[in-house]
Amino acid sequence: MFRDEASTRHPIFLARACGHVVAVNSKAMELAGVTRESAQPSDGRFQVDSLGEPLGIFEENAISMVKDAIPAVTAEKVKEHILEAVKALNSFGITSVHTDDFLSINGSDYIKIGPLKIIEDGSLGARTAFLGAPCADKPDTWGSLCFLRIRWTR
């Protein structure tokens, strides 16, 4: 698993920009207890190889299987990491960056909070958008319906 090249001691959780797919290392799956015997959730999935071994790719609501198992980082630690990253970026002449992880930040003179995306299903780029027909380039994929219609009518 390529994420293990970075670390097998610390959990690694990499989210795609759309938020519908994440890639994790073996440590994150170990903390979550995800193995070849783990059941696929009904409202998402994790990818497996031809032998049924989890590949560390989690889609839609299966993401919570690993996200909830990784120890939380304190707000102070996040600020520390942001300051370190800003210093590193500034050393290359980069003066601005953006994120769509609005849950971890508060607005200020330097940080602006932008629009909110409300979704019923996945995204086309991650091939998780719920479609009426299979994806043209992947006929076995129709996407994932994250929320049952009944949840939207409550």
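The values are calculated or read from the model by the stated rules, or taken from the named source; none is laboratory data. Note that the structure is predicted; figures quoted are calculated from it, not measured. Neighbour counts run over all protein chains shown; Cβ positions are idealised from the backbone, glycine included. For accessibility, only protein heavy atoms count, side chains too; no ligands or nucleic acids. Shrake-Rupley method; radii C 1.70, N 1.55, O 1.52, S 1.80 Å.
Residues checked against (1) modelled with pLDDT of 80 or more; (2) within 20 Å of the chain's Cα centre (by Cα); (3) surrounded by 10 or more Cβ atoms within 10 Å (Cβ to Cβ):
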residue	(1), (2), (3)
SER50	yes, no, no
MET65	yes, yes, yes
THR99	no, yes, yes
ASP109	no, no, no
THR128	no, yes, yes
ILE150	no, no, no
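When each of LYS79, LYS117 is tested for being among the charged types (D, E, K, R), modelled with pLDDT under 55 and open to solvent by 100 Å² or more (accessible area, probe 1.4 Å), the lone residue that passes is LYS117.
For region 18-48, the set of residues classified as open to solvent by 20 Å² or more (accessible area, probe 1.4 Å) and within 22 Å of GLU5 (Cα to Cα) consists of VAL21, SER26, LYS27, GLU30, LEU31, ALA32, GLY33, THR35, ARG36, GLN47, VAL48, listed by residue number.
If the condition is being touching a Ser or Thr at 6+ places or on another chain (Cβ under 9 Å) and in contact (Cβ under 8 Å) with a residue 40 or more places away in the chain, then region 18-34 contributes CYS18, GLY19, HIS20, VAL21. Where helices (runs of 4 or more DSSP H) fall wholly inside region 1-94, the ranges with 2 or more residues that are of a type in the set (Val, Ile, Thr) are 63-67, 75-91.
The set of residues in region 38-81 that are of a type in the set (A, V, I, L, M) and under 20 Å from GLY19 (Cβ atoms) comprises LEU55, ILE57, ALA62, ILE63, MET65, VAL66, ALA69, ILE70, ALA72, VAL73, VAL78.
Residues that are β-branched (Val, Ile, Thr) and more than 15 Å from HIS10 (Cβ to Cβ) within region 63-81 comprise ILE63, THR74, VAL78, listed in sequence order. The residue that is nearest to PRO71 (Cα to Cα), counting only those in region 1-48 that are acidic (Asp, Glu) and at pLDDT 95 or above, is GLU30. For region 52-63, a tally of residues being surrounded by 14 or more Cβ atoms within 10 Å (Cβ to Cβ) and farther than 20 Å from GLY143 by Cβ returns 2.
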